[in-house]
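As structure tokens, the structure follows; a few thoughts come after it.
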Amino acid sequence: MEDARIWNFESDLWTGGEDVYRERVSDDCVMALPATPYIFDGKAATKAVAGTPRWESVEFRNQRVERPQEGLIVIAYRAHAKRGEEEYHALCTSTLRRLSHEDWDVVQHSQIPLGVEVADPDLN
């Protein structure tokens, strides 16, 4: 997958809805997100997206793309997402795997929010 397509793929996950997640996030994906329960599998992440407003736009900075082996892409970036007056900044990683020619899915994603305090689940 070419770099431009990678970033379009990732952007669609931020701004698209449940259908995009269902199509592009593997059921066996692992996600670490700054919301309860913090660690999600692909099915739980898709379910969570169904009940959340999507971001209207997202901008990526400090983008990195690594291809450690054939059919595996690891990306890292700084995200700046907006919806209305709300803004969100995070450091993110995603791992994409090729299922077949031109068919990819997400098997790992994590977000470290910037500028906000995330509750410690062990203290609640």
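The values are calculated or read from the model by the stated rules, or taken from the named source; none is laboratory data. Computed from a prediction, not measured in an experiment: that's the story for all the values here. When we count neighbours, we look across all protein chains shown, and the Cβ atoms used for this are built from the backbone with ideal geometry, even at glycine.
Got a number for residues in region 27-52 being in contact (Cβ under 8 Å) with a residue 24 or more places away in the chain, surrounded by fewer than 18 Cβ atoms within 10 Å (Cβ to Cβ) and not in a loop (DSSP other than H, G, I, E, B)?
4
Sort out which residues of region 55-77 are surrounded by 15 or more Cβ atoms within 10 Å (Cβ to Cβ) and either part of a loop (DSSP other than H, G, I, E, B) or touching a Phe, Trp or Tyr at 6+ places or on another chain (Cβ under 7 Å) (or both), and write them in order of number.
Across region 55-77, the qualifying residues are Trp55, Val58, Phe60, Tyr77.
Please verify whether region 5-25 includes one or more residues that are part of a strand (DSSP E or B) and at pLDDT below 95. Even if it seems obvious, please write down each step before you answer.
Keep residues of region 5-25 that are part of a strand (DSSP E or B), which gives 25.
Next cut, at pLDDT below 95 only: 25.
Looking for residues that are part of a strand (DSSP E or B) and at pLDDT below 95, one finds at least one in region 5-25, hence yes.
Being under 14 Å from Gln111 (Cβ atoms), touching an Asp or Glu at 6+ places or on another chain (Cβ under 7 Å) and among the β-branched types (Val, Ile, Thr) is the filter here, so list the residues in region 26-47 that pass it.
Val30
Check Val106 against each of (1) under 15 Å from Val20 (Cβ atoms); (2) loosely packed, with under 13 Cβ neighbours inside 10 Å and name the one condition it does not meet.
Unmet condition: (2).
Scan region 98-120 and tell me whether some residue there is among the aliphatic types (A, V, I, L, M), part of a loop (DSSP other than H, G, I, E, B) and touching a Ser or Thr at 6+ places or on another chain (Cβ under 9 Å).
Taking region 98-120 and keeping what is among the aliphatic types (A, V, I, L, M), we get 99, 106-107, 112, 114, 116, 118-119.
Within this subset, residues satisfying the condition of being part of a loop (DSSP other than H, G, I, E, B) are 114, 116, 118-119.
Okay, now just the ones that are also touching a Ser or Thr at 6+ places or on another chain (Cβ under 9 Å), so 119.
Yes, that holds for at least one residue.
For region 89-104, how many residues are modelled with pLDDT of 95 or more and not hydrophobic (A, V, I, L, M, F, W, C)?
Residues flagged as modelled with pLDDT of 95 or more and not hydrophobic (A, V, I, L, M, F, W, C) within region 89-104 amount to 6.
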